[in-house]
1. List every residue pair whose Cβ atoms lie under 6 Å apart, where the two residues are 6 or more positions apart in sequence or sit on different chains, the first residue falls within the range 320-331 and is closer than 14 Å to LEU303 by Cβ, and the second residue, located anywhere, is among the charged types (D, E, K, R) and crowded, with 21+ Cβ neighbours inside 10 Å.
2. Could you please let me know if ASP256 is modelled with pLDDT under 95 and farther than 18 Å from GLY128 by Cβ?
3. Would you point out which residue out of PHE215, PHE254, PHE199 is under 20 Å from ILE165 (Cβ atoms), in contact (Cβ under 8 Å) with a residue 24 or more places away in the chain and out of contact with any Lys or Arg (no Cβ under 8 Å at 6 or more places or on another chain)?
4. Regarding the range 223-233, can at least one residue be identified that is under 14 Å from the mean Cα position of the chain (by Cα) and under 12 Å from GLU67 (Cα atoms)?
5. Regarding PHE190, is this residue in contact with a strand residue (DSSP E or B) (Cβ under 8 Å, 6 or more places away or on another chain) and part of a loop (DSSP other than H, G, I, E, B)?
6. Find all pairs meeting these conditions: Cβ atoms under 6 angstrom apart; at least six residues apart or on different chains; first residue within the range 80-106 and under 18 Å from HIS343 (Cβ atoms); second residue charged (D, E, K, R) and surrounded by fewer than 22 Cβ atoms within 10 Å (Cβ to Cβ).
7. Of the residues ILE279, ILE302, ILE283, only one is within 22 Å of the chain's Cα centre (by Cα), on the phi < 0 side of the Ramachandran plot and not charged (D, E, K, R); which?
8. Across the range 1-51, what is the number of residues that are surrounded by 14 or more Cβ atoms within 10 Å (Cβ to Cβ) and of a type in the set (Lys, Arg)?
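The values are calculated or read from the model by the stated rules, or taken from the named source; none is laboratory data. None of these values were measured; they are calculated from a predicted model. All Cβ positions, even for glycine, are placed from backbone atoms using ideal geometry, and neighbour counts span all protein chains on display.
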Amino acid sequence: MKQVNNIYFDNAATTQIDQSVIDLMNSIMSNHYGNPNSTHSFGRSSRTLIEKARKSIAKEFNVLPAEIFFTSCGTESDNLILISAVRDLGVKRILTSKIEHKAVLNVVKFLESTESVNVEYVKVKSNGLIDYDDLDQVLKSNNQKTLVSLMHVNNEIGSVLDLSIVGDICKKYDAFFHSDTVQSIGKYRFDLSKINIDFIVGSAHKFHGPKGIGFVYINKKLKLNPLLIGGNQERGLRAGTESVHNICGMELAFIDSYNSFEKNKNYILDLKTYFIKKITNSIPDLKFNGSCVNNHDSTYSILNICLPVSKDKSILLEFNLDLKGIACSRGSACQSGSSVGSHVLNSILKDSDLQKPSLRFSFSKYNNKTEIDKVVEVLSDFVNSN
C-alpha cells in the first residue's frame, strides 16, 4: 500500500481552502484595501468587488442581488433569520426538528424562553428523514403565524430534505420556510425561483473558501431589521465594515464549486461508494447511521458508521485514529467535547447502538482511495484487536 501520512476526512466540519482563493484574497488585501463605504476611488473599487460577488451568488440561485446579504457565518445567518422572524414578521410558532444544527436549536430554545414562542418538533424517522406527513398535520393543527426551520442536509448523518415538498406544505398553510443550507451550498444546485422558500444560508468554509464569511438569502417580499446596530452596511441589515477579501474569496470558491459541480459530485460519490464497499467487506458487523447508503436520501459527501466495539474499548478509538494521522468526527465539530453525545444520533439510534462508537467521515475533492484504504485498514485492525 502507498504510504499515506495525515488523512483529512472531516470536510463537513470545514474544508481545505483552495490555493486560488488564498492567492486572490492576498491580492485583494494588498490592492483593494479601501473601505467599501467610502466615496473616493479606493472605496469605490472595494464596493465594486462586493457587488460583483453579490451578483455572482444571486445568479446561481436565480434570485435578485438585493436578496443576498453577507454575514460572518452560517450561525449568524440562522440567528438573524430566526430572531428577526419573531421580532419583525410576527412569528408566534416555530416548527423544527431535534436533529437540526445547534445554530438553530439553541436559538429556538432562546426564543421559547425569552419571547414565549411556541416551539414544536416534527417527527424524524429512524433513518434520519423528516416525516412530511407529520409536518403537514402539525402545520394544519394551529393557526398561529408559523416559521418552519428544517435543514437541507444534516451535518452529522447526511440525510437530505426535499425542499420542494416542504416548501409546498408551508405554502399550503401560509407558513414561512427557512432552511439551514450550510452543508448544501457548493454541493447542490438550487433555483430558488421555483421553490417556495423564504430563507437559506451559506458559509464559505464549507466549500473550500475562507472562514469568517457567509451569506443569507431573504425573500424580497419580507422585511427584516438588523441585529447588529450601527452603520447602513448591507442595505441596513448588518452594520459593520464589510470584509472585502473574505467576500471575494467566498465568491471565487462559490463559482469554482459550481463550475466543476458535476465533476466533483461524481468523484466524491465514487469515493463514498468505494468506502462503503471496502469497510463493509472488512467489518461486516458495522452499521450505517441514518440513510447514508441511499444516494437519494443522503448526501454524497457524508457517511456515518456505528462500529461493533464495546463502550470501554471505544474510549481508545479517537486516540488511535489521531495517532495514525486520521481526522474524522464523532458527532459534529461544533459540539466536540460535549459529555451528552450527539443529539442527532440520540434522536434516531437504539440504546444498544448508542453504547457503541459512531464516526462521521466526510469527503471532498482533495481525498482519494488510497486514503480510504488506509482508514479501513486502521479501523479493521482496531475492531479486531483484543
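1. Partner pairs satisfying both residue conditions: SER329/ARG360.
2. Numbers: modelled with pLDDT under 95: no; farther than 18 Å from GLY128 by Cβ: yes.
For ASP256, the condition - modelled with pLDDT under 95 and farther than 18 Å from GLY128 by Cβ - is not met.
3. Unique residue meeting the criteria: PHE199.
4. No; the residues of the range 223-233 include none that is under 14 Å from the mean Cα position of the chain (by Cα) and under 12 Å from GLU67 (Cα atoms).
5. Working: in contact with a strand residue (DSSP E or B) (Cβ under 8 Å, 6 or more places away or on another chain): yes; part of a loop (DSSP other than H, G, I, E, B): yes.
Yes: the conditions hold for PHE190.
6. Pairs that qualify, where the first residue is under 18 Å from HIS343 (Cβ atoms) and the partner is charged (D, E, K, R) and surrounded by fewer than 22 Cβ atoms within 10 Å (Cβ to Cβ), are LEU95/GLU120.
7. Residue meeting the stated conditions: ILE302.
8. Matching residues across the range 1-51 total 1.
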